[in-house]
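Notes to accompany the following structure.
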Amino acid sequence: MVVLMLALCVALVYGKTPMASAEVDMSKVDTSIQAIIGTWREGDALDARVLRVNPDYTYELVYRGGGTSCGTVRVIGEEHPDGTYSPWYSFDEVDGKNWAMFPKNDVDGTLQKDLWSGQDGALHFIRFDNYEYAGKTEGITPESYLGVWGCGRCTIVINKEDNKYTADISWANSAAEHRVWTYSCRYDKDSSILVCPDNGLCTDAIVYDNGKETDVNVYDDGSCELVLRDGVLKWYDNKDKAGQDMEFLK
């Protein structure tokens, strides 16, 4: 009886924290954290903290008065009685202790703009937006971006697989050398743009005189916004401004 009462007390105390279910088949759960990579600020807080979510499944929590805590991010599944499940982002400290849980709400590849903790919303973080684009967004959908876009010797190919948008950008410097950017993007519904936060890849593809080809990694922390307005696609490269002043057409 004492054991039962203790169990009920624990359930009452922690009832608002979602727990992963061992019955969830994690092979069916999208474990990507692409939708929350980036920088967040704490909302409705006097001494607002800054949360950085990195592409390598780690995070840093920076306190306004100084000091930083860090840990790892993973996706877990919460089983429901009807057999369905809900995915959650689990933020765990270095010692393995759970710091916070946030619902994973990135259906159809959308970019998450808010993080509310648990089921009580005690913690609230808001994404830092560093972009503002003018122009009409009426009629623009995620599908509007799909296809092949060109500007001079540069080509952008945008595809969607499951809930991930991939933009492959190829720029030929010569017949023997071209640079390729690969961005894994999410769709920002508020601004009607595609966003790659911090994990874009840049590679130089070189063909030698003997016909052999080699790929040289330039960087793997690129970010960009792809903006479609009035039938014109613009590429805002935040790493080295490669797409500055270029306009792409289908």
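The values are calculated or read from the model by the stated rules, or taken from the named source; none is laboratory data. In this text the structure is predicted, and so the values were computed from the model without any measurement. No Cβ is skipped: glycine too gets one built from the backbone with ideal geometry, and neighbour counts run over all protein chains shown. Ligands, DNA and RNA are excluded from the accessible area calculation, which covers all protein heavy atoms including side chains. Shrake-Rupley method; radii C 1.70, N 1.55, O 1.52, S 1.80 Å.
Computed quantities for the displayed model
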item	result
GLU247 at pLDDT 90 or above and in contact with an Asp or Glu (Cβ under 9 Å, 6 or more places away or on another chain)	no
Wholly within region 34-87, strands (runs of 3 or more DSSP E) carrying at least 2 residues that are touching a Ser or Thr at 6+ places or on another chain (Cβ under 6 Å)	58-62, 68-79
Filter result for the condition that a residue is at pLDDT 95 or above and within 21 Å of the chain's Cα centre (by Cα), over SER90, SER86, SER117	SER90
Tally, over region 194-250, of residues that are aromatic (Phe, Trp, Tyr) and open to solvent by 10 Å² or more (accessible area, probe 1.4 Å)	3
Residue match in region 69-87 (condition: open to solvent by less than 50 Å² (accessible area, probe 1.4 Å) and closer than 20 Å to ASP221 by Cα)	yes
Neighbours by Cβ (under 6 Å, 6+ apart or cross-chain): first from region 117-139, within 26 Å of ASP198 (Cβ to Cβ); second among the β-branched types (Val, Ile, Thr) and assigned to a strand (DSSP E or B)	PHE128/THR39; TYR133/VAL227
Among the candidates GLU138, GLU132, residue that is open to solvent by 40 Å² or more (accessible area, probe 1.4 Å), outside any strand (DSSP E or B) and within 30 Å of LEU46 (Cβ to Cβ)	GLU132
Extreme residue, farthest from the chain's Cα centre (by Cα), among residues of region 189-208 that are of a type outside the set (Val, Ile, Thr) and within 18 Å of PRO55 (Cβ to Cβ)	CYS202
Selection count, region 88-109, where residues are open to solvent by less than 50 Å² (accessible area, probe 1.4 Å) and assigned to a strand (DSSP E or B)	9
Scan of region 59-104 for residues that are farther than 23 Å from ARG186 by Cβ and β-branched (Val, Ile, Thr), ordered by number	VAL62, THR68, THR84, VAL94
Wholly within region 142-250, strands (runs of 3 or more DSSP E) carrying at least 2 residues that are closer than 26 Å to LYS113 by Cα and of a type in the set (Phe, Trp, Tyr)	177-188, 232-237
First in region 168-194 and more than 30 Å from LYS104 (Cα to Cα) and assigned by the TED database to the domain that holds ARG229, second anywhere and open to solvent by 60 Å² or more (accessible area, probe 1.4 Å) and of a type in the set (Lys, Arg), Cβ under 7 Å, 6 or more apart	TRP171/ARG153; TRP171/ARG179; ALA172/ARG153; ASN173/ARG179
